[in-house]
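The values are calculated or read from the model by the stated rules, or taken from the named source; none is laboratory data. This one's a predicted model, so the numbers in the text were calculated from it and none came from an experiment. Heads up, the Cβs are rebuilt from the backbone with ideal geometry, glycines too, and the neighbour counts pull from every protein chain shown. Surface accessibility is based on the protein's heavy atoms, side chains included, excluding ligands, DNA and RNA. Shrake-Rupley method; radii C 1.70, N 1.55, O 1.52, S 1.80 Å.
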Amino acid sequence: MESYPLFYTFHFYLFGIIAVASAILFVTRKSPVSAAMWLVSTMFSLAALYVMLDAPFIGVIQVLVYAGAIMVVFLFVIMLLNLGQPSEIADVRSGGWRLVAGLVGLALLAEIFALTRAHSVPGLAIPRGTAAEAINSMGAVGMVAGPLFTTYLLPFEVTSVLLLAAVVGAVMIGKQRRAADAR
Amino acid sequence: MLAEAIFFSAVLFTIGVIGVLTRRNAIIIFMCVELMLNAVNLSFVAFARAYGVAGQVFVFFVMTVAAAEAAVGLAIIIAMFRHKQTVNLQNINILKG
């Protein structure tokens with residue numbers, strides 16, 4: 001088992017527990033706005049975890065894209081549809097669904113314990129500290145950008161087509177169709 | 001830290017699944033899906049440290065797909081709200097036979 005400084009371990013557990021607690025508060029809130037706020041808290045703690053796991057660039061992108069852009073879009077839609085108040089109809093599903101959810105949750109938790117007992121493959125593992133060295137030699141951005149623009153160039157280009165399709169689709173679905181309704 | 005990160009990632013994913021199964025508000029269900037994507041990203045980053053940097057590139061792609069999904073999904077929710085004046089999934093059953 002690798003050993004880490006106590007300072008590191010403490011903060012890793014601290015941010016992990018904040019993330020899980022915020023996520024629990026997020027699924028139990030009635031009002032969509034406070035749920036979204038707790039989800040933002042989860043995403044910030046995850047960004048801290050990414051930085052501690054030698055992925056500072058991914059941590060920054062997490063704050064910018066997830067907490068910044070995606071959650072703002074969510075809050076914007078909540079504001080646009082005026083859903084700030086908890087809904088008057090029951091929001092949480094009743095009996096049977098809760099039982100199903102509990103069973104699925106238990107099954108997934110059982111899988112966690114199976115996973116933590118699994119051994120990692122020694123042949124595949126890279127030496128500890130490789131990622132930190134890569135940050136020192138190539139920079140935090142270069143470490144991700146290098147493989148992104150060489151090995152994974154085709155997936156990167158396909159992603160841009162996906163984003164274009166999503167933008168066009170969102171505009172088409174979201175726009176008012178008064179003219180079509182009138183006909 | 002690999003085992004701890006996977007543990008937190010799995011717990012977050014489980015919370016997301018339970019949220020999707022128990023809530024009826026379409027927007028909250030959608031945010032639960034985002035939480036599940038985030039949980040997967042955490043295991044990608046953790047594995048990237050132990051098995052090579054490719055995992056961080058995959059996180060990049062997952063985030064792009066999440067952004068595209070949020071744009072289209074929220075547009076669908078807005079269109080649905082215009083049609084039905086609600087986002088509660090109990091009232092949205094036009095595809096039910």
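Within the range B:48-62, the residues that satisfy the criterion of being assigned to a helix (DSSP H, G or I) and either open to solvent by 10 Å² or more (accessible area, probe 1.4 Å) or more than 7 Å from chain A (Cβ to nearest Cβ) (or both) are B:Arg49, B:Ala50, B:Tyr51, B:Ala54, B:Gly55, B:Phe58, B:Phe60, B:Phe61, B:Val62. Could you tell me whether B:Met80 is more than 7 Å from chain A (Cβ to nearest Cβ) and either open to solvent by 40 Å² or more (accessible area, probe 1.4 Å) or at pLDDT 90 or above (or both)? Taking the combined requirement at face value, the residue satisfies it. Please verify whether B:Ala67 is of a type outside the set (Val, Ile, Thr) and without any contact (Cβ under 8 Å) to a residue 12 or more places away in the chain, treating the condition exactly as stated. Yes; evaluated as a whole, the condition is true for this residue.
Scanning the range B:83-97 for residues being aliphatic (A, V, I, L, M) and facing chain A (nearest Cβ under 7 Å) gives a total of 1.
Selection over the range A:131-165 of residues that are of a type in the set (Val, Ile, Thr) and open to solvent by 50 Å² or more (accessible area, probe 1.4 Å) gives a count of 5.
Of all residues in the range A:75-117, those being exposed (fewer than 13 other Cβ atoms within 10 Å of the Cβ), at the interface with chain B (Cβ under 9 Å from one of its Cβ atoms) and modelled with pLDDT under 70 number 2. Only residues that are open to solvent by less than 30 Å² (accessible area, probe 1.4 Å), modelled with pLDDT of 90 or more and not β-branched (Val, Ile, Thr) were counted in the range A:26-51, giving 11. Residue under question is B:Asn38, and the condition is that it be facing another protein chain (nearest Cβ under 7 Å) and either more than 24 Å from A:Thr9 (Cβ to Cβ) or touching a Cys at 6+ places or on another chain (Cβ under 6 Å) (or both); does it hold? So B:Asn38 does not fit the description; no. Residue-level analysis places B:Leu42 among those that are open to solvent by less than 10 Å² (accessible area, probe 1.4 Å), under 14 Å from the mean Cα position of the chain (by Cα) and within 18 Å of A:Asp54 (Cβ to Cβ).
Just so you know, in the range B:1-23 the residues that are open to solvent by less than 20 Å² (accessible area, probe 1.4 Å) and more than 7 Å from every other protein chain (Cβ to nearest Cβ) include one that is farthest from A:Tyr4 (Cα to Cα), and it is B:Gly16. In this structure, is B:Phe7 of a type in the set (Phe, Trp, Tyr), more than 19 Å from A:Ala140 (Cβ to Cβ) and part of a helix (DSSP H, G or I)? It is true that B:Phe7 is of a type in the set (Phe, Trp, Tyr), more than 19 Å from A:Ala140 (Cβ to Cβ) and part of a helix (DSSP H, G or I). Is it the case, given these coordinates, that A:Ala35 is touching a Phe, Trp or Tyr at 6+ places or on another chain (Cβ under 7 Å), without any contact (Cβ under 8 Å) to a residue 24 or more places away in the chain and either at the interface with another protein chain (Cβ under 8 Å from one of its Cβ atoms) or not in a helix (DSSP H, G or I) (or both)? The answer is yes for A:Ala35.
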